[in-house]
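Notes follow once the structure below has been shown.
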Amino acid sequence: MARIKRLAVFTSGGDAPGMNAAIRAVVRTGLSYDLEVFGILRGYKGMINNDFIPLYSKSVGHIIQQGGTILRTARCAEFRTEEGRKKAYENLKKNKIDAVIVIGGDGSFSGAGIFSAEYDIPFVGIPGTIDNDMYGTDFTIGFDTALNTVTEAIDRIKDTATSHDRIFFVEVMGRDAGFIAVRAGIATGAEGVLIPEIDNQEKLLTHFIKKNPHKKSHIFIVAEGNKGGGAVVLTEAMKKEFPELSIRATVLGHTQRGGSPTAFDRFLASRLGVAAVDALMDNQRSVMVGYKNHEVIHMPFNKTIKGARTVSADLIRVSDILTT
Ligand code: F6P
């Protein structure tokens, strides 16, 4: 196999705090192997539009503490087409790129898996998404920061909920998974958590509220993918059922995606950034580097994409015991 001389790195899909720390680690590890390193702007879109920039050690100085991604990011429908991928390949060749590191979620890895089956350019992936829904890794970059942001926001909501004797439905992100919701529920001592992994939890709300008539303020955390509806829908339904109660909805939205990464996310991103370059130099291809039981692991793209990762029954039990 030809020796890798030029490496490209890009971020793709929803941004996540810690992506910059991962870019920094990739660039500096690449340079330590005497590689030339390039950044591709705005994910697969930049690959198709030939947006490549050289990256040096200095280019990634003072970014470890910054949220977002200095390489920008995008979701790119064109890369799903054969023509789009052909343009991307031609640009990688034009820029003499021998290997690529993608930082993103499962959609980004699906694209990388398809592309590297069609073309002879090796890809390695680093899991970066606040959702924590990637199979094969205990944690994705950005999840810990998002969880801390949610915890802080809910602590604040709790103050006003208690003062006004109010019920709040707080909606958190997570796409089709309840990782943020369950952990935030445990961390904030919420009264209930509604997640996509469990059907018909809405029926329990009435029970929760009636169970303890003296308790007037409740926090219910709703994962955005909850099948019975989000915070606004549930708030309207509960207002009809309990017109005498004061009920409010808060959707935390994209506040969860921004902010300075926690120490854990900076550490994870740095560790996986180094591991991704090491993996390429070790001739590994089409794998995700992940973190399992505090060790770096390598998992083929097709397994991370196909394997469903849902909140564990054990965590749901802990949440059920500790919420009311
Ligand atoms: O995957 C990260 C995520 O923030 C999800 O939690 C959410 O469903 C989605 O991205 C929102 O996407 P967008 O920023 O494109 O609206």
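List of remarks:
- Members of the range 71-120 found to be of a type in the set (Lys, Arg) and more than 25 Å from the chain's Cα centre (by Cα), listed by number: Lys86, Lys87, Lys93, Lys94, Lys96
- Qualifying residue in the range 109-124 (condition: within 16 Å of the ligand (Cβ to nearest atom), under 30 Å from Ile221 (Cβ atoms) and not in a loop (DSSP other than H, G, I, E, B)): yes
Matching residues to (1) assigned by TED's automatic domain parsing to the domain that holds Glu236; (2) at pLDDT below 95; (3) among the acidic types (Asp, Glu):
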| position | (1), (2), (3) |
| --- | --- |
| Tyr119 | no, no, no |
| Gly125 | no, no, no |
| Asp131 | no, no, yes |
| Asn148 | yes, no, no |
| Glu152 | yes, no, yes |
| Asp155 | yes, no, yes |
| Asp159 | yes, no, yes |
| His164 | yes, no, no |
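- Residues within the range 68-93 that are open to solvent by less than 30 Å² (accessible area, probe 1.4 Å) and assigned to a loop (DSSP other than H, G, I, E, B), tallied: 5
- Of all positions in the range 208-217, none carries a residue that is under 20 Å from Gly258 (Cβ atoms) and in contact (Cβ under 8 Å) with a residue 12 or more places away in the chain.
- Residue list for the range 152-185, filter: under 19 Å from Ala313 (Cβ atoms), touching a residue at least 60 places away in the same chain (Cβ under 8 Å) and open to solvent by less than 60 Å² (accessible area, probe 1.4 Å): Ala177, Gly178, Phe179, Ile180, Val182, Gly185
- Listed conditions (1) in contact (Cβ under 8 Å) with a residue 24 or more places away in the chain; (2) under 18 Å from the mean Cα position of the chain (by Cα); (3) over 23 Å from Ser32 (Cβ atoms) are all met by Arg271, apart from (3).
- Selection from the range 171-215 of residues that are assigned to a helix (DSSP H, G or I), among the β-branched types (Val, Ile, Thr) and within 15 Å of Phe143 (Cβ to Cβ): Ile180, Val182, Ile186
- Taking the criterion of being of a type outside the set (A, V, I, L, M) and either closer than 22 Å to Asn95 by Cα or open to solvent by 10 Å² or more (accessible area, probe 1.4 Å) (or both), the residues of the range 14-33 that qualify are Gly14, Asp15, Arg24, Arg28, Thr29, Gly30, Ser32, Tyr33.
The values are calculated or read from the model by the stated rules, or taken from the named source; none is laboratory data. Everything quoted here is computed from the prediction, not taken from an experiment. In this analysis, Cβ positions are derived from the backbone assuming ideal geometry, glycine residues included, and neighbour counts consider all displayed protein chains. Ligands, DNA and RNA are stripped out before the accessible areas are found, and what is left, the full protein with its side chains, is counted by its heavy atoms. Shrake-Rupley method; radii C 1.70, N 1.55, O 1.52, S 1.80 Å.
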